[in-house]
2 protein chains.
Amino acid sequence: MRKYTFFLLLCFYLEALGQDTLWVNANTLEIEGKGFSNTENDYDRLPATAKGLVRDPVWELGQHSAGILVRFYTNALQFYIRWELTSTMLAMPHMPATGVSGVDVYVLNNKKEYLFLGTGIPKNVKNLAVFNTNTQQNHLSSYLLYLPLYNGTKLLEIGVPMGYVIQKDTIFHAVVHKPILFYGTSILQGACASRAGMAYPSILGRKLGVHIINLGFSGNAKLEPEMQELISEVEAAVYVIDCHHNTTKDETQTRTEPAIRKIRAKRPYAPIVLIEGSNPKRDFPTEEGLITQEIVKKLKKEGFKNLYYIKGNGLLGQDTEATVDLVHHSDLGMQRQAEFLYPIFKKILRKIKQ
Amino acid sequence: MRKYTFFLLLCFYLEALGQDTLWVNANTLEIEGKGFSNTENDYDRLPATAKGLVRDPVWELGQHSAGILVRFYTNALQFYIRWELTSTMLAMPHMPATGVSGVDVYVLNNKKEYLFLGTGIPKNVKNLAVFNTNTQQNHLSSYLLYLPLYNGTKLLEIGVPMGYVIQKDTIFHAVVHKPILFYGTSILQGACASRAGMAYPSILGRKLGVHIINLGFSGNAKLEPEMQELISEVEAAVYVIDCHHNTTKDETQTRTEPAIRKIRAKRPYAPIVLIEGSNPKRDFPTEEGLITQEIVKKLKKEGFKNLYYIKGNGLLGQDTEATVDLVHHSDLGMQRQAEFLYPIFKKILRKIKQ
């Protein structure tokens, strides 16, 4: 009986949504976090030209919407998100559906803090979520809507009741105009955050007040020549390379220097930040870390400026609690990594602005 | 082809396990975290006598193995965990299978720290996980094995290669002999930790060096008279009540005082700790918190000793990042709550020991 009533109510609700709701396709708003505009689908992370050029797994992972977000304004007291996924694999055994396939909403308060407003919980390929804003009547508030981390987003629509406004966020000004580009592993892509906004680059984006681009490719951050090329094509304020969990010692040795040189050739002044992989077992330095450190030293001697190497020791804190499986970060690991990197990036950004 | 090779290897591996492995049923080792010995199944949290006495959902949730653990010793370099679950619902949309249905292993190092060793990832009702210990040859190490938080554990076996020893951990001595009993909500039961060891009472147990009992009943911590009775039956060092997310204002008003009186009648000196619910939106005090605070004041005036009230303000930190859905804690929330409570409980325990 209860179920039947619920079903009726839901039908009524959806009917009402259909009639009295203004649906806006998010691709008409401000989409952020894309390094490339010429993509096959709206929420791809790699350009269409990369197909066949990069390895197949990289291409497929590039269709995950990690780090992509919509920044919008509305005065609605309640709004709705409809999103359609590309894969039926909604969750992983060590990462919940909310992180793999969910959407995540934040609201900016008058202290310029981003407050977590709620998560759209995915239950199917097509999903609907309702968000209550707690906004005062007729007050335009600024929202961040993060897309799924380990699934593709085929369609994304935001609905507001008729009579309310929804528009691009034109007021937000990032601390630096260009985004910070992050290239790296599954952890960077967001494994195993509990929700879309908790991948560590996204946390940093909010804390620093900057745009970010997430080029995390689960298990496939191999820093290949074609990826070096793609990364250097993006006009970024800072380039971050965090791929030690995926590159072998040999790959680290042979590919790190060409990657730095390629970026530097195109972006003479942009800071390049190399991060030693995290290590939940607390054995530092890592072999890949030592190799990278040597390369950075050598290039600095050659006269390379704005080149940073960050040791992994502090990334996960001093206990062993911050991962799900001794590799992938829980939200605890994501937050710790972001908090550890925050002052370092703050300093780097301050230099850029001067 | 690859799949076929994998299948053959798996068969060979399982065959080898069967022949050369000593399997020990965990119920013959030290099972910790149970308030009642007369249970229907090995890893139930409520006594058989509670069936029909408590509401059905409470009884069913009592069959989840939250907070139950096995403390054992082995000198094996590798060991195996076989566990069988009671439900095929391996995950929730906002909580991964590793937390809902997985097992979690910690090892004690020579600095008396518990280090996270790994998680057994559940993929079916019957599961097998392999753990590499990094132990030196013939060194007996002490392990903690946490059971699933939101599923029942029907059978649990630990396997070591023939010739190795597995036994009860007789060396661990808790700071206080009796356990700390936690009664409360879904959060307390472990929602939405990424793995079994990350429910906040379990983190506290490791940090404080004590035994804990997790009587968290998702959505059903109503503090009913029958639950008050059951709680007070358990011989605990400290009684913690953290049920504000589930009790209405009226229930908080009418049930808190009888609960305290009932425990106090049976345990004249045991500290009783009441925790204001967490609130990701940072609106404090909560209405239920104010009610509880008044009750505590009143009883203290009456002469009640060792009665503590903990305000919720600091439980989740000062941002809004620590939950999955504005209610349930991610590992970040669990760790923050445990870190916030740690010094308070440390002080309380110090008083007991004096």
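The values are calculated or read from the model by the stated rules, or taken from the named source; none is laboratory data. What you see is a predicted model, and the numbers here were worked out from it, not measured in a lab. Quick reminder, even Gly has a Cβ in these numbers, built from the backbone with ideal geometry, and neighbours come from all protein chains shown.
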* What tally of residues in the range A:248-262 results from selecting those that are surrounded by fewer than 21 Cβ atoms within 10 Å (Cβ to Cβ) and β-branched (Val, Ile, Thr)? -> 2
* Count of the range A:213-223 residues which are closer than 20 Å to residue A:312 by Cβ and within 11 Å of the chain's Cα centre (by Cα) -> 3
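Considering A:337, A:293, which residue is within 14 Å of chain B (Cβ to nearest Cβ), modelled with pLDDT of 95 or more and in a helix (DSSP H, G or I)? Spell out how you get there, then give the answer.
Details: A:293 fails: within 14 Å of chain B (Cβ to nearest Cβ).
Of the residues listed, the single one that is within 14 Å of chain B (Cβ to nearest Cβ), modelled with pLDDT of 95 or more and in a helix (DSSP H, G or I) is A:337.
Scan B:270, B:221, B:236, B:265 and give me the residue that is over 23 Å from residue B:144 (Cα atoms), more than 14 Å from every other protein chain (Cβ to nearest Cβ) and buried (at least 21 other Cβ atoms within 10 Å of the Cβ). Break it down into steps so the answer makes sense when it comes.
On the way: B:270 fails: buried (at least 21 other Cβ atoms within 10 Å of the Cβ); B:236 fails: over 23 Å from residue B:144 (Cα atoms); B:265 fails: buried (at least 21 other Cβ atoms within 10 Å of the Cβ).
Just a single option satisfies the conditions, and that option is B:221.
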* **Residue check, residue A:63 more than 13 Å from every other protein chain (Cβ to nearest Cβ), within 16 Å of the chain's Cα centre (by Cα) and over 18 Å from residue A:194 (Cα atoms)** => yes
* Asked: When the range A:177-217 is examined, which residues are found to be away from chain B (no Cβ under 14 Å) and either touching a Leu at 6+ places or on another chain (Cβ under 6 Å) or without any contact (Cβ under 8 Å) to a residue 60 or more places away in the chain (or both)?
  -> A:178, A:182, A:183, A:188, A:213, A:216, A:217
* **Residues that are more than 13 Å from residue A:149 (Cβ to Cβ), assigned to a strand (DSSP E or B) and not aromatic (Phe, Trp, Tyr), drawn from the range A:74-117** => A:74, A:78, A:81, A:82, A:84, A:105, A:107, A:108, A:115, A:117
* Restricting the range B:325-354 to residues that are farther than 16 Å from residue B:209 by Cβ and hydrophobic (A, V, I, L, M, F, W, C), which is surrounded by the fewest Cβ atoms within 10 Å (Cβ to Cβ)? -> B:326
* Asked: Since residue A:149 meets every condition but one in (1) assigned to a loop (DSSP other than H, G, I, E, B); (2) touching a residue at least 60 places away in the same chain (Cβ under 8 Å); (3) closer than 19 Å to residue A:22 by Cα, which condition does it not meet?
  -> (3)
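Can you go through A:82, A:55, A:45 and tell me which one is among the basic types (Lys, Arg) and under 18 Å from the mean Cα position of the chain (by Cα)?
Matching residue, one of A:82, A:55, A:45: A:45.
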* With the condition kept exactly as written, say whether any residue in the range B:185-194 is in contact with a strand residue (DSSP E or B) (Cβ under 8 Å, 6 or more places away or on another chain), closer than 20 Å to residue B:73 by Cβ and at pLDDT 95 or above. => no
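Going through the range A:268-290 one residue at a time, which ones are assigned to a loop (DSSP other than H, G, I, E, B) and either within 23 Å of residue A:342 (Cβ to Cβ) or hydrophobic (A, V, I, L, M, F, W, C) (or both)?
Hits for the range A:268-290 are A:269, A:270, A:271, A:276, A:277, A:278, A:279, A:280, A:282, A:284, A:285, A:286.
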* Asked: Out of (1) closer than 30 Å to residue B:324 by Cβ; (2) within 14 Å of another protein chain (Cβ to nearest Cβ); (3) not hydrophobic (A, V, I, L, M, F, W, C), the odd one out for residue A:283 is which?
  -> (1)
* Considering the range B:86-115 alone, what residues qualify as being touching a helix residue (DSSP H, G or I) at 6+ places or on another chain (Cβ under 7 Å) and farther than 21 Å from residue B:187 by Cα? -> B:106, B:114
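For residue B:245, indicate whether it is surrounded by fewer than 19 Cβ atoms within 10 Å (Cβ to Cβ) and part of a loop (DSSP other than H, G, I, E, B). Lay out the reasoning, then the answer.
Numbers: surrounded by fewer than 19 Cβ atoms within 10 Å (Cβ to Cβ): no; part of a loop (DSSP other than H, G, I, E, B): yes.
Answer is no for this residue.
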* Determine if the range A:314-328 includes at least one residue that is away from every other protein chain (no Cβ under 14 Å) and within 26 Å of the chain's Cα centre (by Cα). => yes
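Could you tell me whether residue B:168 is modelled with pLDDT under 95, among the basic types (Lys, Arg) and surrounded by fewer than 24 Cβ atoms within 10 Å (Cβ to Cβ)? Reasoning before the result, please.
Values: modelled with pLDDT under 95: yes; among the basic types (Lys, Arg): yes; surrounded by fewer than 24 Cβ atoms within 10 Å (Cβ to Cβ): yes.
Against the criterion (modelled with pLDDT under 95, among the basic types (Lys, Arg) and surrounded by fewer than 24 Cβ atoms within 10 Å (Cβ to Cβ)), residue B:168 qualifies.
Considering each residue of the range B:93-104, count those that are at the interface with another protein chain (Cβ under 7 Å from one of its Cβ atoms) and either among the hydroxyl-bearing types (Ser, Thr, Tyr) or in contact (Cβ under 8 Å) with a residue 40 or more places away in the chain (or both), and give that number. If you could, list the steps in order and put the result at the bottom.
From the range B:93-104, those at the interface with another protein chain (Cβ under 7 Å from one of its Cβ atoms) are B:93-98; that's our starting set.
Okay, now just the ones that are also either among the hydroxyl-bearing types (Ser, Thr, Tyr) or in contact (Cβ under 8 Å) with a residue 40 or more places away in the chain (or both), so B:94-96, B:98.
Within the range B:93-104, residues that are at the interface with another protein chain (Cβ under 7 Å from one of its Cβ atoms) and either among the hydroxyl-bearing types (Ser, Thr, Tyr) or in contact (Cβ under 8 Å) with a residue 40 or more places away in the chain (or both) number 4.
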* **Residue pairs meeting the criteria (Cβ under 9 Å; at least 6 apart or on separate chains; first facing chain B (nearest Cβ under 7 Å) and closer than 12 Å to residue B:319 by Cα, in the range A:105-121; second in a strand (DSSP E or B) and among the β-branched types (Val, Ile, Thr))** => A:115/A:107; A:116/A:105; A:116/A:107; A:116/B:323
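Would you be able to say whether some residue in the range B:129-149 is of a type in the set (A, V, I, L, M, F, W, C), over 25 Å from residue B:216 (Cβ atoms) and modelled with pLDDT of 95 or more? First the steps, then the outcome.
The first filter runs over the range B:129-149 and keeps only residues of a type in the set (A, V, I, L, M, F, W, C), leaving B:129-131, B:140, B:144-145, B:147, B:149.
From what's left, over 25 Å from residue B:216 (Cβ atoms): B:130-131, B:140.
Then drop every residue that is not modelled with pLDDT of 95 or more, which leaves B:130-131.
Scanning the range B:129-149 turns up at least one residue that is of a type in the set (A, V, I, L, M, F, W, C), over 25 Å from residue B:216 (Cβ atoms) and modelled with pLDDT of 95 or more.
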